[in-house]
There are 4 protein chains.
Amino acid sequence: MKNTFGNSLTVTLFGESHGPEIGAVLDGLPSGIPVDEAFIAERLRLRRPAGSISTGRQEQDPFRIVSGVFMGNTTGTPLAILIPNSDVRSRDYTFGPARPGHADYTAHIRYSGHEDYRGGGHFSGRITAALTAAGAILLDALRKKNVLIGTHVARCAGIDDAAFSENPAADLERLNASDFAVLDEKKGDAMRESITRAAEEGDSVGGILETMALGLPAGVGEPWFDTVESELAHALFSVPAVKGVEFGDGFALADMKGSEANDPFVMKDGKVATSTNRNGGINGGITNGMPVIFRCAVKPTPTIRKEQRTVNLAENRETMIIAGGRHDPAIVHRARAVVDSVTAIVLADLLAQRFGTQWLA
Amino acid sequence: MKNTFGNSLTVTLFGESHGPEIGAVLDGLPSGIPVDEAFIAERLRLRRPAGSISTGRQEQDPFRIVSGVFMGNTTGTPLAILIPNSDVRSRDYTFGPARPGHADYTAHIRYSGHEDYRGGGHFSGRITAALTAAGAILLDALRKKNVLIGTHVARCAGIDDAAFSENPAADLERLNASDFAVLDEKKGDAMRESITRAAEEGDSVGGILETMALGLPAGVGEPWFDTVESELAHALFSVPAVKGVEFGDGFALADMKGSEANDPFVMKDGKVATSTNRNGGINGGITNGMPVIFRCAVKPTPTIRKEQRTVNLAENRETMIIAGGRHDPAIVHRARAVVDSVTAIVLADLLAQRFGTQWLA
Amino acid sequence: MKNTFGNSLTVTLFGESHGPEIGAVLDGLPSGIPVDEAFIAERLRLRRPAGSISTGRQEQDPFRIVSGVFMGNTTGTPLAILIPNSDVRSRDYTFGPARPGHADYTAHIRYSGHEDYRGGGHFSGRITAALTAAGAILLDALRKKNVLIGTHVARCAGIDDAAFSENPAADLERLNASDFAVLDEKKGDAMRESITRAAEEGDSVGGILETMALGLPAGVGEPWFDTVESELAHALFSVPAVKGVEFGDGFALADMKGSEANDPFVMKDGKVATSTNRNGGINGGITNGMPVIFRCAVKPTPTIRKEQRTVNLAENRETMIIAGGRHDPAIVHRARAVVDSVTAIVLADLLAQRFGTQWLA
Amino acid sequence: MKNTFGNSLTVTLFGESHGPEIGAVLDGLPSGIPVDEAFIAERLRLRRPAGSISTGRQEQDPFRIVSGVFMGNTTGTPLAILIPNSDVRSRDYTFGPARPGHADYTAHIRYSGHEDYRGGGHFSGRITAALTAAGAILLDALRKKNVLIGTHVARCAGIDDAAFSENPAADLERLNASDFAVLDEKKGDAMRESITRAAEEGDSVGGILETMALGLPAGVGEPWFDTVESELAHALFSVPAVKGVEFGDGFALADMKGSEANDPFVMKDGKVATSTNRNGGINGGITNGMPVIFRCAVKPTPTIRKEQRTVNLAENRETMIIAGGRHDPAIVHRARAVVDSVTAIVLADLLAQRFGTQWLA
């Protein structure tokens, strides 16, 4: 479905990095969900570049909702959010040398030379602002249904954050209030230092995001092909720079024995639970009531100031490039807000499919 | 879309492990693709359990195509393949104790107690036979268009296979002719030994599959949300036991600098190429003409003979289980045929979306 | 979505007139719906040709359900129904002269010469047997939820049937028990006579089917683009020979004044109702709680024994054709079973989208 | 898919009658289609109310395209068009009495009291401005591929327009240049007189639109369920006030013999054609290369100034209503621009599915 994702509940994205506006349309929403614009603004703020560890592009993201909300609540008809692109310096971008690791070349081939090449065009991370805003509405709605979602920078520039504690709900609350989402602030300081160092070198670093969703009822998802893993991975792999996704113990499960990897079922407070959670809350593609846990590998920002070998697409010959424009020495810490929104959209859709759209209201 | 996957070209799965027949419907096929039943049979053979390292369930998979083929070619109308379940021992399965790591519990909740619990029902790996058969038709069609797909057991029971060589086309050819798909036969022997040992312990092992697709033109895929990674991951995560998917260098990219992770563009034989392939042939979600490479983490088979703690779903109380029924001490080596078929289906769909359905014919 | 219809609940059709089997896959069913095979058989019988007014092709339609049912109830996983084609005389059909009014020519172009041309192949009315069987499961489920569906031959060969009475529930019950579905048996006798006369002339006649659905709650459907009219018309226009669909007073509304066409709202037994029903139970694309009423124009069977001018597709030159094979002098009376099934599928899908899939169980 | 229509090429609508902006997103466009803003403005003008025969609401529809166009051509990424609602008098609308024939009541039930009830909200004909603008881009693209689309008011207030002439291409050209689209201007004058008279009575009239699409290649469409009729009817029945759709001779076919209804195939200029076109250019759901012809029944505008019986939804009791707000005594003549756009969207999508998206570029 190209730029639309979802089944019962869908999100459609449009816009280019240097066009006048970007936006998202949420369709299939229940009627009667309160829309808290301050919460959306806060989520956009978490995604926004900040200080020395981010791009110089500073936008206040003054979004406006032009449909689907009436008297503060969703109407159930399509909700369109628009965000103008105010701080655009198109002169920083000219067509020619393809930035390695970026979509300049593939966009050029995919769209037969008609792509808006300025700042990555429709491929730009800028578009995730619209995605973040749309997802914020569902993050908020899910929270009111006791489904809590949060993400931490589990690893950045080779530095590991602490693991989730015995009280993950408190962890998530703390993460969602934090500008640089780590469970161990000291590790966060070290990560920021590494990002600053990479920036000074004109280079960039990557990392791993770990997301948890608490409070999902058992029995959500489909066996084929819309497993919870399938739906989440589908959406996550469209977030720019995500190159790996794993659930529960993920790749580490490949080295375990069955007797280690299986999560024993136990009775807990009169309900079925598992005593470990190596499968990340999902069995056979369907939630089992335990926390859903997954990790995304985020590659280092491809746009760097270091000189790189590349091809000039206008002239079809090799050249060197030192990327102009403003850019981030890391995006992993900003991507957490995008990943939270994506997770909210996917889970809201799966819940709507299982229990009907109005379940969320 | 639940049990249907794809956009221009779709596959729909149906059937239960112990029902009379399983099947798949391929829709959106071009007309005029030759259908080679011997090739389908060969691909089913590669998926089938074999010898001491597999389940005792032995089925010849005598599939039949009941529609969509006329005079040896696809008609372009839906192609339905059916495979009878002949070797079924339903008495091995009774409802009650949920097998840890399996879908018994989640199926019970998802379907409100109406699930066919025998042998995993619709969640069974058995269903992948239909998927393998359907995908084989596209594997064959893609091969004729010079798009080659192949998978090796890159890791099993902690043992690494060799990496792809400088001649990946030859590697793929060899893998597709091999019953136990490794690039280094000695590593394969060691893996098989470990599998046998696990079987003797009543336990199971997992592994990692690495897949390569050669010959894809640049410019296939979508920026949002149907990136090549999104579409492949969506389908792959519905293959039972897959818990992680990564593209190119995947999770290892998280630890690199941008200057390391970016693949420099070069001119090669008058065409744009990259000198490294850390991004797995995909930039911005779209193929760049380099080999598409990804890895799937396959967890150890959940059904084991060792005693495990669990819950009896019929009585809602804790109990111990020693799984009855026949089972595999590893499925990673069998899953390669499934992953090849899934890959063929996804890539054929993406190619059809990009160039029109008849491109494949 | 080509051969798949529906959103939350989908039906996929496959098969050719002269292939070994035809079939349908229902996906997105709730778990726990009782499946009454005798009822399915009865609905297939109503669709089957009978006596002198129908084709000589006589099939018992011994369907089998190969998945998705366990212990007499739907499991919630895909339900596949297969019907073998037993009474096939392929020798009656050879490729060459295109039957006017039929899909021979368009299929030949659409599928680039690879179509199964025998008996209309995938375009054959034969495929409606699978559709009728799949829909019968939902007709039955809806009936248990007090949603009653029935169709009469409102017009055939220029003869009008009586209109629905003041007691439409009783009308529907009577129609569903009747082999030739009319409200006035005398009109039915006259219609049958006309059909027989047309058969004797080697010609065929058409007619109009009028369908009513009672008991639908208000508030089902979408404003854009999935209005109740849109969804029903989409499915109905894929029933072979349907060339017109109208809701409520349909085309007659075009000649009314607004003051005549508007159905006044009234309070009835404490609920909102309308005092007339010129809009066929649908306002703004959404059910208003009144009976949903629509009519389908069914053209005369294109396959006739009279000599017709046409083109030989194998030789690309004009020729004359006297259609071989068995054929019906009318299909309007048989199509009623197909239209009922189609209606049940569409309404069940719309209800599932509005209230969640399990609403039907 | 709710507010999204299409397969390869989709349109998504959002907005409310009295919200700040309405809009549409076109996705799946080929790259490189020239976008002629003057042509879009002209199509919006044809849809706009004009003079005494239309509502007093006068909007210049100053649309803006915020994405998907670069240097005057489509980029191939989503194209979003926005139109502000400038001339809004919300005070004319208060919640309470449901307008008969309108969606006030059904919207109230569908959205559980959260609907934006002002001016029909998301159900308003106002939304068709966005649809008209989006479709105009495809109307223009199709015209450049020699696919011509046009619509006339075939009947209004009981007055019939002339039929298409022997030179339909010239007819379409003339219609597309005409503000009140009739083939016989005198009939148009009479229609306008009737509309004015109805307006004076505080009442409204309906009519029938007849649309022709010339130049479609044979072989477009699907047998099940996406026949050309199915796709067109699906989209057309979501245009407000359309209550009937028929193809070719439509309902009149029900009274014909097969020998009359069948269009004989003939060879014409070395190509297969039909000597009559009673099937409206479609056999078996697929284009046969002849003009595609269909008619839509448009009911009289439900909002009238005459006193009508209704229910006050706020108080759940019967009342009388004299509709406030501005309204049209007829919309059939304005709907022609909407129907042309809808037709262009559907046909472009079908062509893209058949020949690949880039066919249009």
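Between copies, how far does the label point of residue B:266 sit from its twins, in nm, shortest first, when each point is 7 Å from Cα along Cα→Cβ?
Here the equivalent label points are 5.6, 6.6, 8.4 nm apart from this one.
From Cα pairs below 8 angstrom and at least 6 apart in sequence, can you work out the relative contact order of region C:77-165, rounded to a whole percent?
21
Just from its helices, what would the mean residue ellipticity at 222 nm be for chain A, if runs of 4 or more DSSP H residues each count -39500 (n - 2.57) and the sum is divided by every residue, rounded to the nearest 500 deg cm²/dmol? Don't skip to the answer; put the middle values down first.
Working: 8 runs with 97 residues, N = 361.
The helix-only estimate for chain A comes to -8500 deg cm²/dmol at 222 nm.
What average number of partner chain Cβ atoms lie no more than 10 Å from the Cβ of the residues making up A:71-84?
Numbers: counts 2, 1, 4, 2, 12, 11, 20, 13, 1, 11, 0, 6, 0, 1.
For peptide A:71-84, the averaged partner shielding equals 6.
Quick one: Karplus J couplings for region C:117-133, per residue in order, coefficients 6.51, -1.76, 1.60, θ = phi - 60°, nearest Hz, x for Gly and Pro?
Going residue by residue, I get 7, 6, x, x, x, 6, 8, 5, x, 3, 4, 5, 5, 5, 5, 5, 5 Hz, with x marking Gly and Pro.
Where does the charge balance sit around residue B:248 when Lys and Arg score +1, Asp and Glu -1, over other residues with C-beta under 10 Å from its C-beta?
Working: positive: A:243, A:299, B:278, B:295; negative: B:229, B:246, B:249, B:263.
Residues near residue B:248 contribute 0 overall.
Compute the distance in nm between two label points, each set 7 Å from the Cα along the Cα-to-Cβ direction, one at residue D:94 and one at residue A:71.
1.4
Suppose a student asked you for the relative contact order of region A:236-291, using Cα pairs under 8 Å spaced at least 6 residues apart; what percent would you report? Intermediate results must be reported in sequence, preceding the final value.
Values: 55 pairs, mean separation 15.0, N = 56.
Taking the mean separation of contacting Cα pairs over the length of region A:236-291, I get 27 percent.
If you add up the charges near residue A:288, with Lys and Arg at +1 and Asp and Glu at -1, over every other residue whose beta carbon is less than 13 angstrom from its beta carbon, what do you get?
Details: positive: A:268, A:271, A:278, B:99, B:110; negative: A:229, A:263, B:104.
Charge balance in the 13 Å sphere: +2.
For C:35-43, what's the mean count of beta carbons from other chains sitting within 10 Å of each residue's beta carbon?
Numbers: counts 0, 0, 0, 0, 0, 0, 0, 0, 0.
If you average over the peptide's residues, the count of other-chain Cβ atoms is 0.
Residues of D:290-300, mean number of Cβ from any other protein chain within 10 Å of their own Cβ, rounded to a whole number?
4
Could you sort the peptides D:306-313, D:348-355 by per-residue average Cβ neighbour count (10 Å cutoff), highest mean leading?
Numbers: D:306-313: 19.5, D:348-355: 23.9.
Output ranking for D:306-313, D:348-355: D:348-355, D:306-313.
With Cβ to Cβ distances under 11 Å as the rule, what net charge do the other residues near residue C:261 carry (K, R +1; D, E -1)?
Values: positive: C:257, C:278, D:243, D:299; negative: C:249, C:255, C:260, C:263, D:203.
Surrounding charge for residue C:261 is -1.
Under a straight-distance cross-link criterion of Cα-Cα below 21 Å, which lysines are reachable from residue B:186, leaving out those fewer than 8 residues away in the same chain?
Within reach: none.
For region A:237-361, count all C-alpha to C-alpha pairs, find those more than 20 Å apart, and express that count as a whole percent of the total.
64
Would you calculate the convex hull of the Cα atoms in chain A and tell me its volume per residue in Å³? Let's see the in-between values first.
Values: hull volume 51.5 nm³, N = 361.
Dividing the Cα hull volume of chain A by its residues yields 143 Å³.
Would you list, by chain and number, the aspartates and glutamates whose Cα falls below 14 Å from the Cα of residue C:268, excluding same-chain residues fewer than 8 positions away?
D:318
For chain B, what relative contact order do you get, as a whole percent, if you take Cα pairs closer than 8 Å and at least 6 residues apart? Before the final figure, lay out the partial values.
On the way: 780 pairs, mean separation 87.2, N = 361.
With pairs under 8 Å counted, the relative contact order is 24 percent.
Order C:229-235, C:261-267 from most to least packed using the mean count of other Cβ atoms within 10 Å. Could you put the intermediate results ahead of the total?
Values: C:229-235: 28.3, C:261-267: 22.4.
Ranked from most to least packed, the peptides come out as C:229-235, C:261-267.
Could you go through region C:16-23 in sequence order and give the Karplus-derived ³J(HN,Hα) for each residue, using 6.51 cos²θ - 1.76 cosθ + 1.60 with θ = phi - 60°, rounded to whole Hz, and x for Gly and Pro?
Computed from phi, the couplings for region C:16-23 are 10, 3, 10, x, x, 8, 10, x Hz.
Taking the rotation axis that maps chain A onto chain C, which residue of A brings its Cβ closest to that axis, and at what distance in whole Å?
Reported as residue, whole Å: A:356, 1.
Put a dot 7 Å past each Cα toward the Cβ at residue D:170 and residue B:160; how far apart are the dots in nm?
Those two pseudo-labels are separated by 7.9 nm.
Report, for residue A:196, each distance to the same residue's label point in the other copies, shortest first and in nm; define the point 7 Å along Cα→Cβ.
Here residue A:196 shows inter-copy label distances of 6.0, 7.9, 9.9 nm.
Which of the pairs A:2/B:145; C:257/D:299; B:2/C:145; A:257/B:306; C:243/D:257; B:187/B:306 have their Cα atoms more than 19 Å apart in this structure?
Details: A:2/B:145 25 Å; C:257/D:299 8 Å; B:2/C:145 25 Å; A:257/B:306 11 Å; C:243/D:257 15 Å; B:187/B:306 27 Å.
Check vs 19 Å cut-off fails for A:2/B:145; B:2/C:145; B:187/B:306.
Taking each label point as 7 Å beyond Cα in the direction of the beta carbon, state the distances from residue A:45 to the same residue in the other copies, shortest first, in nm.
Label point to label point, same position, other copies: 4.9, 6.6, 7.2 nm.
Read the figures in this text as sums done on the coordinates, not as results from a lab. A quick note: this is a predicted structure, and the numbers were derived from the prediction, not measured. Ideal geometry is used to build each Cβ from the backbone, glycine not excepted, and the neighbour counts take in all protein chains shown.
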